[in-house]
Structures are given as structure tokens and as C-alpha cells.
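The values are calculated or read from the model by the stated rules, or taken from the named source; none is laboratory data. The shown structure was predicted, so the numbers you read here are calculated from the model rather than taken from an experiment. Quick reminder, even Gly has a Cβ in these numbers, built from the backbone with ideal geometry, and neighbours come from all protein chains shown. Just so you know, the surface numbers come from the protein's heavy atoms only, side chains and all, with ligands and any DNA or RNA stripped out. Shrake-Rupley method; radii C 1.70, N 1.55, O 1.52, S 1.80 Å.
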Amino acid sequence: SRPFFQATARDSKTMVDILWIAVLQNAVQLPTSIYFGYLVDRYGLRSVFPAVLGACLVAGYPIYALLDDSLSLPVIVLGPGILFGIVSGALGTTSNLLSSDIFHPKARHRGVGLGYNTSIMIFGGLGPAWVELAKDSIPLAAGYFLMLTAAFSFIVYYFYGYSLLPLSKPMREE
């Protein structure tokens, strides 16, 4: 049997499982987004965003290694269902907040549109294509890709973070 993340449309039971796991992932993503929004409000984006990127850098390989040879329901629920839900909720919240903070209000729509579409083109289009091509020779290519994108984002944030507009500051205790 193939690893979970290498399933094809011919594997109908696997595809149904994937759809249900996607529902679980979205259900986990919502409370995670609320929680990370709270963390950003409490501690500031400068503290939370690098921590989220660091967690993705460290967790990328183990999440996919967990799925390497298992199609058991508990592993599928834990890996793509819960862990990916947490990652996508945390990244979605912090990166969207970062986008609204780094662009001046007069250029915000243009900046967010350009940044979002460029990242989707590079990491959402070329990345999965590379993973698809590499998965036969590198079984955990998707995990490496997640780690690579997190490392790239962390490096860009580290070297160019000083030039950004002041990012959201933590809430003050009243």
C-alpha cells in the first residue's frame, strides 16, 4: 500500500477518507485561528510569527514521517487532520495579520494582492509540482518542502523584518 499522501483518485476509499480528514482539518483550523489571533493580540506579531515559522520548520518532517507507511485511521486523524489543522490555522492567522501590518494603508490592497499571488505562484503551484515529481525518489518530499518554505519565510522575516512598518504591539495590561 502507498503512503496516505501519495493516494490517487483510483483509491476511492482513500479519497473519501481524505475528504473527511479535510473537514476535520478545517474544523481544527477555526479554533486554532482564534487562539493564535489571541496570542498575537497578547504578545505581538513580532513574537508569535517567528515562533509559528519555527514550529513549522521543526514539525514538517515528523508530520509526514508519521504518515509514511500508515493508512490507519488514528494516524490519518492525528497527522493531516489535527496537526495540519493547527499548522494552517496558525500560519493563516499570523501571515494574514503580517500582510495587513507591513503595507501602508494606501498600498495595502496592492501589496497584499501582489504578495499573496506571488506566494501562491511559487509555493502553491511550483512547490506541489516539485513534490509530485520528487515523491518517487524522495518519499517525504512534502515534509521537506514544508520545512523549506518555513525556513525561507523565517530567513526573509529575519533579514527584512527591521524594514517593516512597526508590527502590532502586545496589549497592555490594564
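With the simple spin-label model, which puts each label point 7 Å out from Cα in the Cβ direction, the ILE120 to ALA151 separation comes to 2.8 nm.
By its C-alpha gyration tensor, with a ≥ b ≥ c as the square roots of the eigenvalues, how is segment 27-67 shaped: rounded for a/c under 1.5, else prolate for a/b larger than b/c, else oblate? Oblate.
Using the Karplus relation 6.51 cos²θ - 1.76 cosθ + 1.60 with θ = phi - 60°, the per-residue 3J(HN,Hα) values for segment 144-157 come to 5, 5, 4, 5, 5, 5, 5, 5, 4, 4, 5, 5, 4, 4 Hz, with x marking Gly and Pro.
Does segment 115-157 come out rounded, prolate or oblate, given a ≥ b ≥ c as the square roots of the eigenvalues of its C-alpha gyration tensor, rounded meaning a/c under 1.5 and, failing that, prolate meaning a/b above b/c? The shape class here is oblate.
When a 1.4 Å probe is rolled over the protein heavy atoms, the share of accessible surface on segment 44-131 that falls to carbon and sulfur comes to 73 percent. Packing around the peptides 91-99, 130-138, taken as the average count of other Cβ atoms within 10 Å per residue, puts them in this order, highest first: 91-99, 130-138.
Which shape class, rounded, prolate or oblate, goes with segment 19-97 when its Cα gyration tensor gives a ≥ b ≥ c as root eigenvalues, a/c under 1.5 marks rounded, and past that a/b bigger than b/c marks prolate? The shape class here is oblate. Remark: segment 77-125 is approximated by an ellipsoid whose semi-axes, taken from the C-alpha gyration tensor as √(5λ), come to 26, 14, 5 Å, largest first.
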